[in-house]
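The values are calculated or read from the model by the stated rules, or taken from the named source; none is laboratory data. Only a predicted model underlies this, so the values are computations on that prediction, with no experimental measurement involved. Backbone-built Cβ (ideal geometry, glycine too); neighbour counts: all protein chains shown.
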Amino acid sequence: MRSHSERRALPGFSALLTPIRRDVTSPPPSSFSSRESIFTPISLNSPPNWMTQALSSLEQGERELQTLKERQQTEVEEVNRELDNAVIEAQREERRLLEKVEQDHRKAQQQLEQVKRENAAAVRVVESLVDRQLRKMGQLKDQIQRWGSSAGGSNKNQLQRGVAEVTQPWEISLPVKRNLTSNRVSRSLSMSAIEGDKLHQAKEQQQHTKDKKEKAVPALRDLEEESGSTALDSAYLVKQFGKQGSGRTDFNLPSGVHATVKGQLFVVDCGNARVQVTDLQKNVVQQVSPSGSERSARICNYFDVAVNSKGLIALTCAAERALLVFSRHGRLLQTFGGTMIGSTNEELDAPRGVTVNFQDDFLVADIKRGTLTALKLDPKTGARLERTVVTGFHRPYLVAACLTTGLMAVSERGNETGRVPCIRVLEPGWNTIRILGVCSGLGPVLSCPWGLCIDSDGDVLVADWGKQYHRVLLYPAKGVGWPLVIDNLSSPRGLALLPDGHMVVSDSMNHCIKIYQDYFLLSSHHDNYSTACF
């Protein structure tokens, strides 16, 4: 704090603006302090520094605010342009989604109409088979009424065999598509409306996954050897051929399928009563069908097919309860079982699945007798050279064998008395070493097994039907089984493995053949080839 005298000595504010007048001759007053001597006269035309700085700061602030205003205006204009573009894009997306929904709606209608046509075709096939069987029963009834009282011993036995034949259940199924198809169509429409372009993204992701799988096979094989489990759990479609019809390349309810060691396919074309043969490129190059007026008048419910290394073709017929053997050129050589003229009784009452074992013998499952019959045939005439009959099976239906290890797989049908469907894996000595499909802790529980095959590692593939699903299951030799294919199948009836590891599925109600690729299937060497059956 300054003292009172010090405050008096300081000049006032007016002194700063008024020049100090003093005589130049007189000396400066002795009372003028050093503090007062620092002030000098200031001109009225020169503003002080603080004023200049204040005005400069204000001008700079104005420039900054103006710059901020311009920047904000620019940003607002950019945002408005982006919003306008977003509105336009939303309108385009809306139009695109509406067009897609309309397309899906039309596609759904076409699919449903196709389902109706396929169901009608299936009904016609079954009705035709049933009508033929009824006519056969009527003819046999007339013969019994006309000749029964006077028939001799041989005629009596023939009539009794005829009665046993026509009254034998031959298990014609009617695999019609139900509401599951329409549910899938509705879900597809909902996905289109809600997800928008996610379907396209899914296809791109699927292709990306496919490429990734192809590149990752060696690494995944090493990974599986270390961890004991596969890293990929599904197969993807790589080829499809065939459509509904009766033309040379068409199929009608394809069923049993067999792949040769050279990659040819033999497919039972059930609805057209023939076997279609493809080359390595899966082009149909040959047709095998029985000939003759007698056979054409019979019911041709062909079931399964197998081909041995000599070119003999074995075809089972459920209606005739017989095994037909053809040459490689399609000429009928032998008929085993049944009651047809010229047939040979090989203790076959109801043959179903047929395959070729590692000894090049035909292996036949008889669902009525509960047996597996191995037939060694003459390569030129098809005559039986040796026969082995193994009993103890409960309604064996399908059979598959591995050509390298001798392992076999047999499906048992189950019944209403508590016997459940299952797959038995047999070693070459006919002993059961595994039972699959009955315990959920070891994989999916089987509902209605159809196609079946086994590879040299003991991995078993099964086509299984249920009320809500049609799928292909994989039961590895070690570990827990899982579904391999779960979509876009309708009544798959046949399975086979090509030499390159691809899996062949006869998609019966879609009237086509589908070929799938999977890491688990490709992990085995090409020589680890297995035959398959229906």
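Take Ala54 and decide whether it is under 30 Å from Asp269 (Cα atoms) and surrounded by 10 or more Cβ atoms within 10 Å (Cβ to Cβ).
On the way: under 30 Å from Asp269 (Cα atoms): no; surrounded by 10 or more Cβ atoms within 10 Å (Cβ to Cβ): yes.
No: the conditions fail for Ala54.
Residues are listed down the side, and each one gets a yes or a no for (1) over 14 Å from the mean Cα position of the chain (by Cα); (2) under 21 Å from Leu436 (Cβ atoms); (3) surrounded by 24 or more Cβ atoms within 10 Å (Cβ to Cβ); (4) at pLDDT below 95:
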| residue | (1), (2), (3), (4) |
| --- | --- |
| Asp455 | yes, yes, yes, yes |
| Val460 | yes, yes, yes, no |
| Gly466 | yes, yes, no, yes |
| Gly481 | yes, yes, no, yes |
| Leu489 | no, yes, no, yes |
| Arg493 | yes, yes, yes, yes |
| Pro499 | yes, no, no, yes |
| His502 | no, no, no, yes |
| Val505 | no, yes, yes, no |
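Does Val390 satisfy the criteria of being closer than 28 Å to Asp457 by Cβ, in contact (Cβ under 8 Å) with a residue 24 or more places away in the chain and under 32 Å from the mean Cα position of the chain (by Cα)?
Numbers: closer than 28 Å to Asp457 by Cβ: yes; in contact (Cβ under 8 Å) with a residue 24 or more places away in the chain: yes; under 32 Å from the mean Cα position of the chain (by Cα): no.
Criteria not met by Val390.
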Completion exercise
Selection over segment 298-320 where residues are surrounded by fewer than 24 Cβ atoms within 10 Å (Cβ to Cβ) and among the charged types (D, E, K, R) yields a count of 2
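Quick check on Ala477: is it touching an Asp or Glu at 6+ places or on another chain (Cβ under 9 Å) and either surrounded by fewer than 20 Cβ atoms within 10 Å (Cβ to Cβ) or closer than 17 Å to Leu498 by Cα (or both)? Walk me through it before giving the result.
Values: touching an Asp or Glu at 6+ places or on another chain (Cβ under 9 Å): yes; either surrounded by fewer than 20 Cβ atoms within 10 Å (Cβ to Cβ) or closer than 17 Å to Leu498 by Cα (or both): yes.
It is true that Ala477 is touching an Asp or Glu at 6+ places or on another chain (Cβ under 9 Å) and either surrounded by fewer than 20 Cβ atoms within 10 Å (Cβ to Cβ) or closer than 17 Å to Leu498 by Cα (or both).
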